[in-house]
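Beneath this line is the structure, given in C-alpha cells, with notes to follow.
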Amino acid sequence: MSPHTHAPRPSTPPQVARQPIWSPGGELHGYELLYRMPDGTPAGVDHWDEGRQEDATEAVLGRIPTMDLRDTLAFVNVTRGYLVDTRTLPPHRDRLVLEVVETVPADDAALAGLTRLRAAGYRLAIDDFTATAAQLAMLPWADYVKIDCRDLVQHGSALVELARSTGAQVVAERVSDTALVDHCVAWGFDLLQGDVLGPAATLAL
C-alpha cells in the first residue's frame, strides 16, 4: 500500500498550481489546475484512495472563482464520484473541463454520468489516455483526450489517431523539451502542455 493512500488531511489550507495549455501556434487555451500541499509541493494525489482524491478535487474547484484564468478554460481531474453525482460540481460549466482520471471504470452509472454532464454544459476530457477498455468506452463523450508523451514511446502515433477518432481535441502532456514540441506538432496534437512551455506554478492563497 502506498504511504499516500491514507495520507492525513493537511492542518492548513492546501494550495493550487496552474499549468498552461497552448495551441501549437502559441495561443493560450486553458490551464490545468493541480492540488498542492500547504507548502506548495506536489501531493501525489494519484496514489490516494478515491475519497481523498475527491477531497483534493473539491479543494481545487473551490479556488476557481478566485483565479485569474484569462478568460480561458480550467482543466480539473475528477474521479467517479463526480460522474455519478455523489460529489457536487460548481456552476462553472462554460469554463470547466472535467478530466476523467484513468482509474474510473466505464460502468453504466459512469457512462450515464458523462451523458448528464455533457447535457449540463460541462466539457469532458480523458486523462492519461492509453486506450484501455474503459477509456475507449468513454471516448465518444470526450471533448479532449490527453496523452502523456512518455506513453508514445510504447504506443506510437497510432495512439494519437485513435484518440482523435471520435472528434476530440488531442492534448500532449509532459512536453519536456523543444524537440518534443516539434514531434508533437508533427504527430498532429491540437494542444500542448509541459514544463518546456510553462511549468506548474503554485498560486498565492
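Quick note: the coordinates plus some simple rules give every number you see, no bench work behind them. Note that the coordinates shown come from a computational prediction; the quantities given were computed from them, not determined experimentally.
Summary of computed values
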| read-out | value |
| --- | --- |
| For segment 119-129, Karplus couplings with θ = phi - 60° (6.51, -1.76, 1.60), whole Hz, Gly/Pro x | 5, 7, x, 7, 8, 10, 10, 9, 8, 6, 5 |
| Computed over segment 111-171: relative contact order in percent, which uses C-alpha pairs under 8 Å that are six or more apart | 33 percent |
| Length released on extending from ASP195 to ARG70, taking residue separation times 0.36 nm less the Cα-Cα span | 43.0 nm |
| Gained length - ALA137 relative to ASP107, 0.36 nm times residue gap less alpha-carbon distance | 9.9 nm |
| For VAL97, residues with placed amide H under 5 Å, excluding near neighbours | ALA74, PHE75, VAL76 |
| Contact order relative to length of the chain, as percent, for alpha carbon pairs under 8 angstrom and 6 or more apart | 20 percent |
| VAL145 long-range amide H proximity, modeled H, under 5 Å | ILE126, GLN169, VAL170, VAL171 |
| Under-5 Å amide H pairs with THR132, H placed in peptide plane, nonlocal only | none |
